[in-house]
1. For the range 179-198, check the following and say yes or no: at least one residue is loosely packed, with under 13 Cβ neighbours inside 10 Å and closer than 28 Å to residue 131 by Cα.
2. Does the range 116-130 contain at least one residue that is more than 17 Å from the chain's Cα centre (by Cα) and either within 28 Å of residue 210 (Cα to Cα) or at pLDDT 95 or above (or both)?
3. Suppose the filter is under 15 Å from residue 229 (Cβ atoms), part of a helix (DSSP H, G or I) and without any contact (Cβ under 8 Å) to a residue 40 or more places away in the chain; does residue 26 pass it?
4. Pick out the one residue from 8, 23 that is at pLDDT below 95 and in contact with a helix residue (DSSP H, G or I) (Cβ under 9 Å, 6 or more places away or on another chain).
5. Run down 133, 121 and say which single residue is touching a strand residue (DSSP E or B) at 6+ places or on another chain (Cβ under 8 Å) and more than 21 Å from residue 245 (Cβ to Cβ).
6. For the range 151-160, enumerate the residues that are assigned to a helix (DSSP H, G or I) and free of Cβ contacts under 8 Å to residues at least 40 places away in the same chain.
7. Go through the range 162-178 residue by residue and tally those that are closer than 14 Å to residue 130 by Cα and in contact (Cβ under 8 Å) with a residue 40 or more places away in the chain.
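The values are calculated or read from the model by the stated rules, or taken from the named source; none is laboratory data. Predicted, not measured: the structure shown is a model, and the values here were computed from it. Counting neighbours? That spans all protein chains shown, and the Cβs are built from the backbone with ideal geometry, glycine included.
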């Protein structure tokens with residue numbers, strides 16, 4: 001009797017769309033997918049940053065295409081995904097944070113954060129799923145959520161609300177699209193050093209709060225997310241859907 005064979009983490013022959021690819025976690029996820037063999041579409045609003053990243057891909061012998069995209073523009077997203085897809089893998093790392101006490105939150109900030117983190121994420125995920133369903137193909141759709149999708153946080157009522165909502169639609173979409181073999185999951189990082197978190201790390205009080213919460217004693221780096229995204233994108237996670245992969249250093253273990 002032979003030993004069982006471990007599933008492959010390779011992504012050769014697969015087409016991956018990474019939104020928010022121009023910096024931070026999105027950039028790292030795009031690199032991870034490319035290094036695992038995927039053909040990657042780099043999507044974000046900044047064409048210049050995407051062009052520079054595509055050059056870095058080419059220098060390492062990786063395949064990447066540039067796709068300027070504003071995730072908050074639903075009509076543009078649906079047109080672009082329809083034209084360029086279907087995509088076997090989606091990683092949506094586009095996100096916005098405008099932190100303030102709930103009593104001081106403006107409607108403008110609420111709408112901006114919700115339009116990108118929730119509405120944009122919902123319709124981008126749906127657009128990629130629609131392309132897969134029409135082609136009769138399986139796929140893996142991943143939204144970069146947050147540990148704040150599972151807990152509350154200081155001055156983060158709106159941000160937490162949007163990320164909790166992403167977890168909700170992930171579960172519902174996973175149920176709906178499971179029969180089509182389209183998997184939907186989230187990755188929930190702790191605080192990771194990126195341009196998005198610079199203001200938080202510049203605040204000593206917030207740094208103390210973070211250090212007290214992370215049980216492993218260090219903040220996240222973008223490399224901490226790369227293995228998680230390859231796992232969820234690959235056949236290694238073929239029975240995983242409708243769930244959250246917490247990469248939070250033990251923050252939510254309490």
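1. Of the residues in the range 179-198, the ones loosely packed, with under 13 Cβ neighbours inside 10 Å are 179, 195, 198.
Restricting the remaining residues to those that are closer than 28 Å to residue 131 by Cα gives 179.
Yes, because at least one residue in the range 179-198 is loosely packed, with under 13 Cβ neighbours inside 10 Å and closer than 28 Å to residue 131 by Cα.
2. Going residue by residue through the range 116-130, those that are more than 17 Å from the chain's Cα centre (by Cα) are 130.
Those still in the list that are either within 28 Å of residue 210 (Cα to Cα) or at pLDDT 95 or above (or both) too: 130.
Yes, the conditions are met somewhere in the range 116-130.
3. On the way: under 15 Å from residue 229 (Cβ atoms): yes; part of a helix (DSSP H, G or I): yes; without any contact (Cβ under 8 Å) to a residue 40 or more places away in the chain: no.
Answer is no for this residue.
4. Working: 8 fails: at pLDDT below 95.
It is 23.
5. On the way: 121 fails: more than 21 Å from residue 245 (Cβ to Cβ).
Result of the check over 133, 121: 133.
6. Step one: filter the range 151-160 for residues assigned to a helix (DSSP H, G or I), giving 157-160.
Within the range 151-160, 160 is the sole residue that qualifies.
7. Pass one, the range 162-178, residues closer than 14 Å to residue 130 by Cα: 173-174, 176-178.
When the remaining residues are screened for being in contact (Cβ under 8 Å) with a residue 40 or more places away in the chain, the result is 173-174, 177-178.
Number of matching residues: 4.
The rows are residues; the columns are (1) closer than 17 Å to residue 128 by Cα; (2) buried (at least 19 other Cβ atoms within 10 Å of the Cβ); (3) over 17 Å from the mean Cα position of the chain (by Cα).
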site	(1), (2), (3)
3	no, no, yes
7	no, no, yes
18	yes, yes, no
21	yes, yes, no
25	no, yes, no
38	yes, yes, no
43	yes, yes, no
49	no, no, yes
60	no, no, yes
